[in-house]
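To start, the structure itself, in structure tokens.
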Amino acid sequence: MKRASGENYSRVKRLIGENHLHTICSSGNCPNIGECWNAGTATFMILGDICTRACKFCSTQTGKPLPPDNEEPLRLAESIRKLRLRHCVITSVDRDDLPDGGSEFWADTVRFIKKINPGTTIETLIPDFDGKPENIQRVINSGPDVISHNIETVRRLTPLFRTKAQYDTSLSVLRYISESGKRTKSGFMVGLGENYDEVKVTMNDLFNSGCRILTVGQYLQPTMNHLKAVSFVTPEKFEEYRKMANDEGFEIVECHPLVRSSFHAEKHIAVE
């Protein structure tokens, strides 16, 4: 993991600050921020930095969000142009306060990026939109190259760590994306108290939903106010999980303690 400094890191940080943008890299205390920002890439977070949910593993602020900033899609698209990104990842906070969950804003953002950066590929890491097909369809229609939605943890632990989000709702979102023909991706954390069989079942559920790209990483307590990790999974166990995922049939598997959902995302556009 590279230290969070360097010329490219400073350039990305400056550009994000000047354009009043948010990244999950910062708000989520991602351990890969040094490596990714030094490589000139970032996962941008739209619709503000205040989430309407309060998942116990996430350090993003929770509360009453501000109204959407209608100028944000254009600023983001221009920032991606200035960074000369070949691939970008967009995510957002949950916006349960908005009638459409923010899905039209999502679609506008993707369309602006594609218009200003026609050569840039896009991954959208979306919330569950309460599983409403019309909201998911808006993002699909905007034309991202990969659509991702994280299941986060195994079924048994979902009520303990995710607020409002449900395991089966996430599976239904992934299934809808996959059946639309879009490249579908998901991920979950380990070290929350899950067991081997639950990991296997989760992988099987994701694969059967149509997901073909999988990320698995170690849960790390983002602040002292968040839940502690139950265990720290060994590299050997991660390799075991990687083999399990490959045997399940996933086309791309990122499985390592420091893996997060957007790690090496530029490689997830197509199978070599």
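The values are calculated or read from the model by the stated rules, or taken from the named source; none is laboratory data. The shown structure was predicted, so the numbers you read here are calculated from the model rather than taken from an experiment. Cβ placement follows ideal geometry from the backbone for every residue including glycine, while neighbour counts extend to all protein chains displayed.
Rundown of residues vs (1) surrounded by fewer than 17 Cβ atoms within 10 Å (Cβ to Cβ); (2) of a type in the set (G, A, S); (3) touching a Lys or Arg at 6+ places or on another chain (Cβ under 7 Å), yes/no style:
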{"position": "V89", "(1), (2), (3)": "no, no, no"}
{"position": "D94", "(1), (2), (3)": "no, no, yes"}
{"position": "A107", "(1), (2), (3)": "no, yes, yes"}
{"position": "P144", "(1), (2), (3)": "no, no, no"}
{"position": "M189", "(1), (2), (3)": "no, no, no"}
Where in region 159-272 are the strands (runs of 3 or more DSSP E), entirely inside, with at least 3 residues that are among the aliphatic types (A, V, I, L, M)?
213-218
Among the listed residues E254, E236, E198, E194, which satisfies the condition of being more than 21 Å from D128 (Cα to Cα) and without any contact (Cβ under 8 Å) to a residue 12 or more places away in the chain?
E236
Say whether the condition of being in contact with a strand residue (DSSP E or B) (Cβ under 6 Å, 6 or more places away or on another chain), over 18 Å from R75 (Cα atoms) and at pLDDT 95 or above is met by at least one residue in region 106-115.
no
Name the residues in region 109-124 that are surrounded by 24 or more Cβ atoms within 10 Å (Cβ to Cβ) and within 21 Å of G187 (Cα to Cα), would you?
E123, T124
Of the criteria (1) of a type in the set (A, V, I, L, M); (2) crowded, with 19+ Cβ neighbours inside 10 Å; (3) within 21 Å of D96 (Cα to Cα), which one L160 fails:
(2)
Unique residue being of a type outside the set (A, V, I, L, M, F, W, C) and under 15 Å from the mean Cα position of the chain (by Cα) when the list is S180, S172, S186, S209
S186
